[in-house]
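Undergrad: Take this structure first; my questions come after.
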Amino acid sequence: VSMDYMATSTTLWTFLRRLEREDRLDRFVIDEVHTLMTSEFRDHRLQQVRKIRLINRPVIIMTATLPPSLQHSITEILCFQDTQLHVHRQTSARPNICFKLFQPLSTKESEEYLYGTALHQNERSLFAQWNTLIGSDKGLIYSLTKREADDMGKYLNIPVYHSGLSETERHSNLSSWIHGRQSWMVGTSGLGAGINLPNIKLVVFWGLPTDIIDF
């Protein structure tokens, strides 16, 4: 399970205890553990997460993005003893991933650069360049606010995903993007930590993140 699901599920612990009683639980694997360091986790969520100490089976926690300097903080939050831990760390180098940073001088300049002059998506706009780059694959844009996501969805004519939409709208927009009818989607952190499609070629973070771990 992902860490955010573990913190919010109302049925997970009942399910795990039933598996334990029936001797059908071999291990418990939690992904995206670095999200514990983000602003999404409050005291009541941490209490839910710390229940993993009650599981009498090996627990595996995983993350691809936690810096070594925060490893001890994570184990403290989860109330793990160092003597209980076996740590396996691989290099964080990802030769198949490229990062690029663009810093406009103003909001107006950034919007003109993204959409094209006077909001016409001409071949020189940044979005047109992205379309050429992804080809037949998919792209995903993260915005900082719901309003910004709505504006981008309107001007770029792409589906939107955020907590302000109805569940039906969110499901419909996500489905149209996943199953090929749309190449692009714009969303907020409401997407959570679980988008894992093999053909996402470009991920855009529009706006400065408030914290590097959130990013």
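Undergrad: What Kirkwood hydrodynamic radius do you get for region 33-108 when you take the inverse of the mean 1/r over all pairs of distinct Cα atoms, in Å?
TA: By the Kirkwood definition, the hydrodynamic radius is 15.4 Å.
Undergrad: At q = 0.23 Å⁻¹, what base-10 log of I(q)/I(0) does the Debye formula yield for region 123-173 when every alpha carbon is treated as an equal point scatterer in vacuo?
TA: Summing over Cα pairs of region 123-173 leads to -0.95.
Undergrad: If I take all pairs of Cα atoms in region 53-173, what percentage of them are more than 27 Å from each other?
TA: Numbers: 3553 of 7260 pairs.
Value for region 53-173: 49 percent of Cα pairs lie more than 27 Å apart.
Undergrad: I've got another one for you. Can you pull the accessible area of residue 11 for me, 1.4 Å probe, Å² to the nearest 10?
TA: Number for this one is 80 Å².
Undergrad: Summarise the accessible area of the chain (1.4 Å probe, protein heavy atoms) by the percent that is carbon and sulfur.
TA: About 50 percent, which is the carbon plus sulfur part of the accessible surface.
Undergrad: Taking DSSP loops as anything outside H, G, I, E and B, show the longest stretch in the chain free of GluC sites (Glu not before Pro) there with at most 11 other beta carbons within 10 Å. Mind showing how you got there, number by number?
TA: On the way: sites that count: 22, 123.
Within the chain, the longest run free of exposed GluC sites (Glu not before Pro) spans 23-122.
Undergrad: Provide the net charge surrounding residue 202, with neighbours chosen by a C-beta distance below 9 Å and charges set as Lys +1, Arg +1, Asp -1, Glu -1.
TA: Local net charge: +1.
Undergrad: Still on this structure, I have one more. With contacts defined as alpha carbon pairs under 8 Å and 6 or more residues apart, what's the relative contact order of the chain in percent?
TA: Contact order relative to length: 19 percent.
Undergrad: May I ask you to list the trypsin sites (Lys or Arg not before Pro) in region 146-215 that are in a DSSP loop and have at most 14 other Cβ atoms within 10 Å of their Cβ?
TA: Within region 146-215, the qualifying trypsin sites (Lys or Arg not before Pro) (loop, at most 14 other Cβ atoms within 10 Å) are 181.
Undergrad: Here's something else I'd like to know. Which value at 222 nm does the chain reach when only helices count, each DSSP H run of 4 or more adding -39,500 (n - 2.57), with the total divided by all residues and rounded to the nearest 500 deg cm²/dmol?
TA: Values: 8 runs with 71 residues, N = 215.
Estimated from H runs of four or more residues: -9500 deg cm²/dmol.
Undergrad: Can you tell me, using C-alpha contacts under 8 Å and at least 6 residues apart, the relative contact order of region 43-158 as a whole percent?
TA: Reported relative contact order: 13 percent.
Undergrad: Out of these labelled values of semi-axes √(5λ) of the Cα gyration tensor in Å, (1) 38, 20, 16; (2) 31, 27, 18; (3) 31, 24, 21, which was calculated from the coordinates shown here?
TA: Computed from these coordinates, semi-axes √(5λ) of the Cα gyration tensor in Å corresponds to label (1).
Undergrad: So, R0 is 25 Å and r is the distance between the beta-carbons of residue 145 and residue 46; what FRET efficiency does that work out to, to 0.05?
TA: The calculated FRET efficiency here is 0.45.
The values are calculated or read from the model by the stated rules, or taken from the named source; none is laboratory data. Note that the coordinates shown come from a computational prediction; the quantities given were computed from them, not determined experimentally. Cβ coordinates were reconstructed from backbone atoms using ideal geometry, including for glycine residues, and neighbour counts include every protein chain displayed. The accessibility values were calculated without ligands, DNA or RNA, using every heavy atom of the protein model including side chains. Shrake-Rupley method; radii C 1.70, N 1.55, O 1.52, S 1.80 Å.
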